[in-house]
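One structure is given below, encoded as structure tokens.
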Amino acid sequence: MAKHHIEATVNGDAVEFLCETEETLLDVLRDTLHLTGSKEGCASGDCGACSVTLDGRLVCACLVLGCEVDGQKIETIEGMAKGEALHPLQQRFLESAALQCGICTPGFLVASRALLEKSPNPTEHEVRYWLAGNLCRCTGYDKIITAVMDTAAALRKG
Amino acid sequence: MTESNGHSQTNGEHYVGTRTIRPDGHDKVTGRARFGADFNLPGQLIGRVLRSPHPHAHIVSIDTSKAEALPGVKAVVTRDDFADQPSEFVPAGEMMMNYKDVVRNVMAREKALYEGHAVAAVAATSAAVARKALKLIDVTYEVLPHVIDVVEAMRPGAPLLHDDLFTAGVEPKPEKPSNIAKRVEIKQGDVEAGFEKADIVIEREFKTAAVHQGYIEPHAALATVSEDGSTELWCTTQGHYIVRAHCARLLGLDIGKVRVTATEIGGGFGGKTVVYLEPLAIALSRKAKRPVKMVMSREEVFKSSGPTSGATVRVKLGATKDGKFVAAFAELKYQAGAFQGSPVQPGTMCAFAPYDIENVHVVGYDVVSNRPKVAAYRAPGAPISEYAVESVVDEIAKKLDIDPIDLRLQNAAHEGTKAAYGPKFGPIGLEETLNAIKKTEHWNAPLRKWQGRGVASGFWFNIGGETSVSLTVNEDGTISLMAGTPDIGGLRASLAAVAADELGVPYDKVRPIIGDTGSLGFNFLTGGSRSAFSGSMAIVEAAKQIRAELCARACKLWEAKPDQVEFSDGAVRPLGALAEKVKAMTVADFAKVAGKTGGPIGGVGRINAQGAGPSFGTHLVDLEVDPETGRVSILRYTVAQDAGRALHPAYVEGQYQGGAVQGIGWALNEEYIYGADGKLQNAGFLDYRMPVASDVPMIDAILVEVANPKHPYGVRGVGETPIVPPLGAIANAMENATGIRFTELPMSPPKVLKALKEKGLARA
Amino acid sequence: MRYEAPDSLEGAVALLAAANGEARVLAGGTDLLVQMRADVVEPGLIVDIKRIPETRAITEEKGGWRIGAAVTGAELKEHPRLKKIWPGVVEAANLIGSTQIQGRATMGGNLCNGSPAADSVPALIAAAAVATLAGPQGKRDLQVEDVMLGPRKLALRKGEIVVSFLLPPRPARSSDAYLRFIPRTEMDIAVVGAGVSLTLDGGGTITAARVSLGAVAARVLLVPAAAQAIIGSRLDEAAQQRLEAAARAACRPIDDKRGTTEFRIEVAGVLARRAALIAQDRARTN
């Protein structure tokens, strides 16, 4: 069967690609578009390492087919910084040592940004439950949660 | 020339002990950093592995002809492509493995010994073709009875995995093979006499299940082999020199012809100290004459890479009524998986190590069974044995009505204590961690009904080992630092800080990289809590050489004698009268004139780091039990651990917090669940239940620093100790909350509820 | 493997009816893609229904609410009024998986995946929701409790899809709740799920109730005896105990890697009681 021809927007750029039916959005991002910032940890939606936003909605790219995203807007970790300016969350993660091996970090950053865009003043409980779909094995989550809450507070101050 | 440790900068800054931004950080927060599966080569093929569906079977025949004929398939390998290896033990992380077993674990030979055991591998032009090809490989198995429980495997008459495995460490040497690979033992004093002296003796048996390291990044390797046999390999690993050694051996290559690059690594915890895909990728690439990329699926990670042992542990501890421990005995039975080599030896060594006990006897058994070969997992063996010991210590505290911290303080190992496994301790920080916990607000906070508090201590001895680093002064005065131990948690930040302080240059002028195996002398792997300890020691050596070299060049330039110059505060400084004639020269100043003054400036540290100091820790946990469902919530957690000297406090705290949460998972919900058919039922993150962010509270980390006198900065490794105390602390908190001593892990809700009901505590 | 994304019900039905071999409906994909990846299913045809307006709309209908089968949990949560009227249904849909899963998962998919541990199904059954199906023979309605017959067994005929769910009008002083037991705090499949919907009279007495249990039998159960146990009461101790007993009596659970038989039976009673108390509390303030 012929491949699907898909046009979408990735991090603000128009992209065009071909994909087989069974290729996921994660496969397309990593292998076709060469955006390897989103990671595959499980391919079953249980770890969040492949988190992206799709038309503004936080999703696991491993659970979306490439052929489903025609006409849609995708934001990945690669689009989070604006030129040389890191997003405040990225900067805070660095300053707070909220990463150790770093494999889960793209997923956490995308998920955290989605949280703060929706809910600028989350409680610790809300942050933990929002991020429950992002597994980290290195940090024990402590510094990640602190970094997200500190960033939220800083952004509220303006 | 006076020697200086150069501990401050021209600008007065020093970086060791501060919270610098890690040099690899920007790439990691932007997705630019390249982990194992992020590497690609033009023209690469995709490799996939065919794995045994049976836990135990003779492999009668393998027919790959149909797979080889499938368009798009460029190479297929089986046991025929790997030469057999004679028996020889080699380090695999902090454990030992035998090459005869390594080659069989990488590719099954006579038998499939666990579900998931590699039987064949293919390289094809796409993942889809590779998957199809696997289905076309015909393997004829003769299914055999299997055994997966350690006690069952030890029984005479149990299904035998290896007919050439005779229990080592017993006299006389057995005539019949068995599944018991080895018996180990440590002994000190006379435990029988000791137990006679005891006023109270507690004996308990404990059981733990196999748990996986749970790294989020699956194994990945990319290999390309040239016609002359030179091989390049990129892989996610904790030890690329070990990978090189194992691959060279398995594939009959000269070590010098194999160049391994360690990619960024997405977690290891000991599980990435062994080879799985790497030899397969190389063998396939050699055959296909194209690069081959292989990545494990999550299911393969669980089924085919090594978890740590499940075990049965019996502990007997005797004390006087005043609380002095007088005799300690333990018997450990650890699962090795399909090949020998469980961490029963370190488990034996660590069991009673936190305590000064005159009479100690620990016996351990290494037992094979039809499960994946175990790999190291953070302080391998110690969490299991120390869970059992800390539980019994807690019981003694309760029976004698002595505060559990005071009881531990009374018996704590200290400087001069001779550990039962051999060495005499130098300065150590166990008492400091116990006192630090005692002083916390946490220790005294009130508890409500169904809430409980538990404390436990733990220990890991830490290692040093072979380490090579290089420091190069670039023409503009920046420093290139090359280390050879993969950075799994912030190492580059710590090493850069040390180099910056040693040479008196700003932190951001030091660029650390992890070099490939072609660029540095041998490095033992990242493990054993050694990379910051050994790496910093080697950097001190390299920096010494640079400082000496610069002083020598200054002497030439200034026509001075060695005692007229000194390196301090980032520069070579003229002393005395000379200071009126010449100005000090910084590292950068020398860099500008390097060519004219003798050539490139650099230093090399090549050491076998000795003097690793043990790190002790004490954990305190509050939890709450839902008496109607058995669900446990962790309410509060504090860690106090001795770091010797924290090169980077935030990353040391991170080790404490991460290890504690792994321990929480191990204690409450993580376990390998097998059916009677010997097949793993929970080979995914859905049902292998690791803690998520909402499962845990903030983890308070207290850095205790009792300097290790054998390290120039006082550093102790810290990475492994944090996972040792949680199991005991949580079990002790459960006892405090429910009055029930849980002797089986994990303490999952069905078990907890059942125990509550049996005790008449659950609401009907 | 074919992928089609029709923009009408007729189009979707025609594709599914004509398919020879395995065909699957794609809504959120959070079950289908996992099963495809695990080689559990290899569909020859995937029909994406997300472009069909009827499956994506939330509209008021005759005093009740019609929710499209492909509305995501996250969208349900963001609807300004639904969670006030049906908090149990909305919270159930939002317990499925993680935030990322809730961004895609749908109640239609949750039901048609055919797992008795599905989170949103007990809440829908307790709500007396009716599923509207469209097929080659036209449209028909089924009570949600009659859609899932067993693990992976649905009452759907070939070519039929679930289009939407109709939640009935809500009398005053009504509310619902859904609770599930999982060993962690998130991310697990329900070991037991309990949905309770009830209505109170002016004096606080329960005049109507429905109780549904998930993950304790081969299908999600509607437990009339459990409802009977509390109707006419104000959920006093005795009524709570009757409710627990009735819930437990209805369970026919299995032993598996997520829970033992005895554990599920025990906890089913506990959750039914707790869910009823929450629903009662919510109904009082409604």
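The values are calculated or read from the model by the stated rules, or taken from the named source; none is laboratory data. Because the structure is predicted, anything quoted here is derived from the model rather than measured. Positions of Cβ are backbone-derived with ideal geometry, glycine not excepted, and every protein chain shown enters the neighbour counts. Surface areas here come from the heavy atoms of the whole protein model, side chains and all, with no ligands, DNA or RNA. Shrake-Rupley method; radii C 1.70, N 1.55, O 1.52, S 1.80 Å.
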Output for the stretch C:28-61, where each listed residue is open to solvent by less than 20 Å² (accessible area, probe 1.4 Å), touching an Asp or Glu at 6+ places or on another chain (Cβ under 8 Å) and among the aliphatic types (A, V, I, L, M): C:Val41, C:Leu45, C:Ile46, C:Val47, C:Ile52
Any residue that is in contact with a strand residue (DSSP E or B) (Cβ under 6 Å, 6 or more places away or on another chain) and of a type outside the set (A, V, I, L, M, F, W, C) - is there at least one of those in the stretch B:679-691? no
If you check C:Glu186, C:Glu262, which single one turns out to be among the acidic types (Asp, Glu), surrounded by fewer than 20 Cβ atoms within 10 Å (Cβ to Cβ), within 11 Å of another protein chain (Cβ to nearest Cβ) and in contact (Cβ under 8 Å) with a residue 12 or more places away in the chain? C:Glu186
Checking B:Ala676, B:Ala683, B:Ala693, B:Ala650 in turn, the sole residue that is surrounded by 24 or more Cβ atoms within 10 Å (Cβ to Cβ) and either farther than 24 Å from B:Glu415 by Cα or in the same structural domain as B:Ser457 (by TED's automatic domain parsing) (or both) turns out to be B:Ala693
Are any residues in the stretch C:197-216 in a loop (DSSP other than H, G, I, E, B) and open to solvent by less than 10 Å² (accessible area, probe 1.4 Å), and if so, which ones? C:Val216
Looking at B:Gly663 and the list (1) over 26 Å from A:Glu40 (Cα atoms); (2) crowded, with 24+ Cβ neighbours inside 10 Å, which single condition is not satisfied? (1)
Show the residue pairs meeting these rules: Cβ distance below 8 Å; 6+ apart or different chains; first residue within the stretch B:619-637 and assigned by TED's automatic domain parsing to the domain that holds B:Glu653 and under 22 Å from C:Ala272 (Cβ atoms); second residue of a type in the set (Phe, Trp, Tyr) and open to solvent by 20 Å² or more (accessible area, probe 1.4 Å). B:Val625/B:Trp450; B:Asp626/B:Trp450; B:Pro627/B:Trp450
For the stretch A:113-129, which residues satisfy the criterion of being closer than 19 Å to B:Pro697 by Cβ and either more than 9 Å from every other protein chain (Cβ to nearest Cβ) or assigned to a loop (DSSP other than H, G, I, E, B) (or both)? A:Pro122, A:Thr123, A:Glu126
Every residue in the stretch B:598-618 that is polar (S, T, N, Q) and crowded, with 18+ Cβ neighbours inside 10 Å, please. B:Ser615, B:Thr618
Taking only pairs six or more apart or across chains, which ones have beta-carbon atoms under 6 Å, a first residue in the stretch B:62-86 that is closer than 30 Å to B:Asp164 by Cβ, and a second residue that is open to solvent by 80 Å² or more (accessible area, probe 1.4 Å)? B:Val76/B:Glu68
Select from the stretch B:627-647 the residues that are among the polar types (S, T, N, Q) and more than 13 Å from chain A (Cβ to nearest Cβ) and write down the one among them that is surrounded by the fewest Cβ atoms within 10 Å (Cβ to Cβ). B:Thr629
Can you tell me which residues in the stretch B:481-534 are surrounded by fewer than 24 Cβ atoms within 10 Å (Cβ to Cβ), outside any loop (DSSP other than H, G, I, E, B) and charged (D, E, K, R)? B:Arg492, B:Asp508, B:Lys509, B:Arg511
The conditions are (1) at the interface with chain B (Cβ under 7 Å from one of its Cβ atoms); (2) touching a Lys or Arg at 6+ places or on another chain (Cβ under 6 Å); (3) within 11 Å of B:Val29 (Cα to Cα), and A:Cys42 fails exactly one of them. Which is it? (3)
In the stretch A:116-158, the residues that are under 18 Å from the mean Cα position of the chain (by Cα), of a type in the set (S, T, N, Q) and open to solvent by 10 Å² or more (accessible area, probe 1.4 Å): A:Ser119
Could you count how many residues in the stretch B:52-78 are touching a helix residue (DSSP H, G or I) at 6+ places or on another chain (Cβ under 9 Å) and open to solvent by 50 Å² or more (accessible area, probe 1.4 Å)? 4
Looking only at strands (runs of 3 or more DSSP E) that lie completely in the stretch C:1-75, which have at least 1 residues being more than 14 Å from every other protein chain (Cβ to nearest Cβ)? C:58-61, C:64-68
Filter the stretch A:62-78 for residues that are at the interface with another protein chain (Cβ under 9 Å from one of its Cβ atoms) and in a helix (DSSP H, G or I); which is nearest to C:Asp31 (Cα to Cα)? A:Leu63
For the list (1) buried (at least 18 other Cβ atoms within 10 Å of the Cβ); (2) within 14 Å of chain B (Cβ to nearest Cβ), I need the number of the one condition that C:Gln280 fails. (2)
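Name the single residue, out of those in the stretch B:99-138 being hydroxyl-bearing (Ser, Thr, Tyr) and closer than 21 Å to B:Leu41 by Cβ, that is least open to solvent (accessible area, probe 1.4 Å).
Among residues in the stretch B:99-138 that are hydroxyl-bearing (Ser, Thr, Tyr) and closer than 21 Å to B:Leu41 by Cβ, the one least open to solvent (accessible area, probe 1.4 Å) is B:Ser126.
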Look at A:Ala97 and say whether it is more than 10 Å from chain B (Cβ to nearest Cβ) and either at pLDDT 95 or above or surrounded by 20 or more Cβ atoms within 10 Å (Cβ to Cβ) (or both). no
Requiring at least 3 residues that are open to solvent by 10 Å² or more (accessible area, probe 1.4 Å) and touching a residue at least 60 places away in the same chain (Cβ under 8 Å), the helices (runs of 4 or more DSSP H) wholly within the stretch B:349-460 are B:382-400, B:404-411
Listed by first then second residue, the pairs whose first member lies in the stretch B:246-263 and is on the phi < 0 side of the Ramachandran plot, whose partner is aromatic (Phe, Trp, Tyr), with beta carbons under 7 Å and at least 6 positions apart or on separate chains, are B:Arg249/B:Tyr99; B:Leu250/B:Phe82; B:Thr261/B:Trp234; B:Thr263/B:Phe35; B:Thr263/B:Phe39; B:Thr263/B:Trp234
Flag if A:Gly66 is on the phi > 0 side of the Ramachandran plot and crowded, with 20+ Cβ neighbours inside 10 Å: no
Look through the stretch B:226-285, keep the residues that are buried (at least 24 other Cβ atoms within 10 Å of the Cβ) and basic (Lys, Arg), and return whichever of them is nearest to A:Leu99 (Cα to Cα). B:Lys272
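Going by the structure shown, is A:Val28 outside the structural domain of A:Arg137 (by TED's automatic domain parsing), outside any helix (DSSP H, G or I), open to solvent by less than 40 Å² (accessible area, probe 1.4 Å) and hydrophobic (A, V, I, L, M, F, W, C)?
Here the answer is no, as A:Val28 does not meet what is asked.
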